[in-house]
């Protein structure tokens, strides 16, 4: 009888230890979360304020990990003191990014109730397309011993609205960038009067002389009515004799343009070509842009 009582007591104690722990999985996105003395009603991923299904993102896209109604944080008066840290690793376990405290602006505590916390990640360098990654967001109670952790495995792909034809040149990334928003354009929508970039990173394969390469770069664009909007034969014409440092070209090659508001018919077909003036290698980037 004594042994049975002891066993019952151990089981009760174990059950009590597990009561403050929680494990959840959002089957829409695949994100999993584990709490120890901290819990929340829901953990999910959003893109452009809409819940994300799946785990695939276009290079340059931004997503948010959201924690709804976070509870269990120790209170000092009516304030709580969470710390939130994000960590991103690749499939080899190498850390590509580790944030500082994402709630550091609330060093004096937070009075919001219910409390919702969010962490965002833009899937760009050092993250690369054609890769698999895992992001972990940890919430830590600065005034208590509670913790909460969410893990999310995701994939990054190229923008399939950008067509790339390469002969003899290799590259890491090709993408569109808006100076106005400071973001990568993933939906190919371009605003009138915004400075838009077509960017190639990691470009290699040029014939090299004393650390210098001799690229040419043309950009052309016309709307659906065949109206010519851009027509530049060689933006690197001034470097034909002197060349450019191979390291600089490898780091980034880009062309940018601004389309003033006009009566143009969508889509705008844009084509940028980079070629080796000392050889036959070239790369052509073609994309259809929607002007707004």
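Worth a mention:
- Summed over segment 178-213, residues that are farther than 30 Å from residue 263 by Cβ, in contact (Cβ under 8 Å) with a residue 60 or more places away in the chain and in contact with a strand residue (DSSP E or B) (Cβ under 7 Å, 6 or more places away or on another chain) total 7.
- For segment 162-177, a residue qualifies if it is assigned to a strand (DSSP E or B) and over 15 Å from residue 287 (Cα atoms), and the qualifying residues are 167, 168, 170.
- Highlighted here are the strands (runs of 3 or more DSSP E) found entirely within segment 46-93 that include at least 2 residues which are within 12 Å of the chain's Cα centre (by Cα), closer than 29 Å to residue 111 by Cα and at pLDDT 95 or above: 62-68.
- The requirement of being surrounded by fewer than 18 Cβ atoms within 10 Å (Cβ to Cβ) and within 21 Å of residue 33 (Cβ to Cβ) is fulfilled nowhere in segment 121-130; no residue meets it.
- Within segment 152-172, the set of residues being surrounded by fewer than 17 Cβ atoms within 10 Å (Cβ to Cβ) and either more than 23 Å from residue 202 (Cβ to Cβ) or in contact with a helix residue (DSSP H, G or I) (Cβ under 6 Å, 6 or more places away or on another chain) (or both) comprises just one member, 153.
- For segment 106-134, a residue qualifies if it is closer than 20 Å to residue 41 by Cα and within 18 Å of the chain's Cα centre (by Cα), and the qualifying residues are 118, 119, 120.
- Of all the numbered requirements in (1) surrounded by fewer than 15 Cβ atoms within 10 Å (Cβ to Cβ); (2) closer than 24 Å to residue 60 by Cβ; (3) in contact (Cβ under 8 Å) with a residue 24 or more places away in the chain, residue 225 misses one, and that requirement is (2).
- Residues of segment 233-240 include at least one that is outside the structural domain of residue 125 (by TED's automatic domain parsing), surrounded by fewer than 16 Cβ atoms within 10 Å (Cβ to Cβ) and touching a residue at least 24 places away in the same chain (Cβ under 8 Å).
- Lone unmet requirement of (1) touching a residue at least 24 places away in the same chain (Cβ under 8 Å); (2) surrounded by fewer than 17 Cβ atoms within 10 Å (Cβ to Cβ) for residue 175: (2)
- Residue match in segment 62-72 (condition: closer than 23 Å to residue 156 by Cβ, without any contact (Cβ under 8 Å) to a residue 60 or more places away in the chain and assigned by TED's automatic domain parsing to the domain that holds residue 148): yes
The values are calculated or read from the model by the stated rules, or taken from the named source; none is laboratory data. Because the structure is predicted, anything quoted here is derived from the model rather than measured. Ideal geometry is used to build each Cβ from the backbone, glycine not excepted, and the neighbour counts take in all protein chains shown.
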